[in-house]
Amino acid sequence: MFRFGNPEYLYAMLVIPALIILFAFFRAKRRKAIKEFGTPEILAPLMPNVSRSRPTWKFILLCTALAFLIVGIARPQFGSKLQKIKRKGVEIIIALDVSNSMMAEDIQPNRLERAKMAISRLTERLSNDKIGLTVFAGDAYTQIPITTDYASAKLFLSSISTDIVPVQGTAIGAAIELSMRSFTPETESSKAMIIITDGENHEDNAVEMATIAAENDIVIHTIGMGLPQGGPIPVYNANGQKDFRKDKSGNVVVTKLDEKMLQQIAVAGNGKYVRANNTEVGINTIFDEISSMQKTELESRVYSDYNDQFYYFIAVALALILIEFMVLERKNKLLKNFRLFSKKEGK
């Protein structure tokens with residue numbers, strides 16, 4: 001396992017592009033000044049020891065040394081000891097709808113982005129629980145296996161879009177079936193599933209799958225993303241101009257929340273249904289329900305010891321600085337025939 005002990009220092013990397021811009025600016029200014037003084041070809045014999053390439057190579061060495069130095073200060077570390085930790089909590093799998101209808105903007109900024117923000121906030125409330133994420137449209141896929149690594153869960157969550165599932169549709173039943181298999185097998189832990197969707201199920205019998213989940217002691221809660229009046233599905237052309245999805249007759253498609261379906265799934269799964277709005281998604285209400293479930297002992301593996309590796313990067317940085325110091329900007333009279341950087345020095 002790799003991590004940085006002080007990742008905030010990596011922001012110093014932004015200095016390097018600024019230095020490159022300044023270097024290019026002053027080099028261009030210097031060339032312009034030489035041209036104003038005289039023709040470079042005529043002036044070249046008058047400056048036999050001036051090198052065109054050495055200042056650039058010295059700058060590259062310095063920038064590379066700076067990059068290694070910044071990484072070293074950020075303290076790169078590798079996990080060296082894997083330890084089993086037992087904690088009491090609940091296993092939670094979130095099934096997130098990523099079909100095109102989730103791009104509707106009746107809930108701002110749109111249904112999908114609002115759901116992702118709510119899930120991200122949920123991970124911040126977790127402590128000893130395990131969480132996993134399933135994404136679904138016309139088919140279902142495991143996006144995040146069940147884990148206690150909340151930071152990684154938030155990282156993967158940010159990359160989710162409607163393009164992540166190639167088959168469009170809303171197969172809630174397939175999402176329930178896959179999520180059931182994603183829980184830790186052969187464990188007595190309390191299990192809960194949160195389905196976040198607009199409820200427009202066109203693919204399978206989701207209520208039947210929810211009943212099967214309940215028979216396996218999995219509680220299913222549902223969150224309805226969308227307002228009763230619904231909203232059009234935005235699409236963007238190559239120029240970035242916004243339009244709305246239309247049917248074969250040219251009419252704008254309006255996607256509406258199917259509350260009845262989600263209520264039936266929640267009842268069959270012994271859970272609770274909550275409708276989202278522009279004020280609150282409702283995931284906190286569901287989490288309060290999950291928090292009241294019996295906590296069972298969960299086992300997880302985490303890296304408990306990390307070894308610093310910063311000295312390797314610092315050593316490389318110092319070596320590069322030493323090389324940069326030894327490389328002169330002008331040609332050395334004794335070594336002028338030695339070509340270190342190019343076949344023809346000065347070109």
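In table form, for the structure just shown:
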{"read-out": "Matching option when the condition is surrounded by fewer than 20 Cβ atoms within 10 Å (Cβ to Cβ) and either on the phi < 0 side of the Ramachandran plot or part of a loop (DSSP other than H, G, I, E, B) (or both), among THR170, THR123, THR134", "value": "THR123"}
{"read-out": "Residue in the stretch 296-310 that is surrounded by 15 or more Cβ atoms within 10 Å (Cβ to Cβ), at pLDDT 90 or above, farther than 30 Å from ILE73 by Cβ and outside the structural domain of LEU66 (by TED's automatic domain parsing) present", "value": "no"}
{"read-out": "Per-region count, the stretch 231-284, residues within 24 Å of HIS221 (Cβ to Cβ), more than 25 Å from the chain's Cα centre (by Cα) and hydrophobic (A, V, I, L, M, F, W, C)", "value": "8"}
{"read-out": "In the stretch 203-260, the residues that are of a type in the set (S, T, N, Q), in contact with a Gly (Cβ under 6 Å, 6 or more places away or on another chain) and surrounded by fewer than 17 Cβ atoms within 10 Å (Cβ to Cβ)", "value": "ASN205"}
{"read-out": "Residues satisfying the stated conditions in the stretch 90-133, i.e. of a type outside the set (D, E, K, R), in contact with a Gly (Cβ under 6 Å, 6 or more places away or on another chain) and at pLDDT 90 or above", "value": "ILE93, ALA104"}
{"read-out": "Scan of the stretch 200-242 for residues that are assigned to a strand (DSSP E or B) and modelled with pLDDT under 90, ordered by number", "value": "VAL235, TYR236, LYS242"}
{"read-out": "Residue under evaluation ILE70, criteria (1) in the same structural domain as VAL254 (by TED's automatic domain parsing); (2) within 30 Å of MET326 (Cα to Cα), criterion not met", "value": "(1)"}
{"read-out": "In the stretch 147-167, residue surrounded by the most Cβ atoms within 10 Å (Cβ to Cβ) [restricted to those that are outside any helix (DSSP H, G or I) and not hydrophobic (A, V, I, L, M, F, W, C)]", "value": "THR148"}
{"read-out": "Filter result for ILE283 (crowded, with 18+ Cβ neighbours inside 10 Å, under 20 Å from THR147 (Cβ atoms) and modelled with pLDDT of 90 or more)", "value": "no"}
{"read-out": "Residues within the stretch 105-161 that are of a type in the set (Ser, Thr, Tyr) and free of Cβ contacts under 8 Å to residues at least 12 places away in the same chain, tallied", "value": "2"}
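Residue-by-condition table, conditions (1) modelled with pLDDT of 75 or more; (2) under 33 Å from the mean Cα position of the chain (by Cα); (3) more than 30 Å from SER127 (Cα to Cα):
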site	(1), (2), (3)
ILE20	yes, yes, yes
PHE25	yes, no, yes
ALA28	yes, no, yes
ARG31	yes, no, yes
ILE34	no, no, yes
ASN49	no, no, yes
ARG54	yes, no, yes
ILE60	yes, yes, yes
LEU82	no, yes, no
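The values are calculated or read from the model by the stated rules, or taken from the named source; none is laboratory data. Only a predicted model underlies this, so the values are computations on that prediction, with no experimental measurement involved. Backbone-built Cβ (ideal geometry, glycine too); neighbour counts: all protein chains shown.
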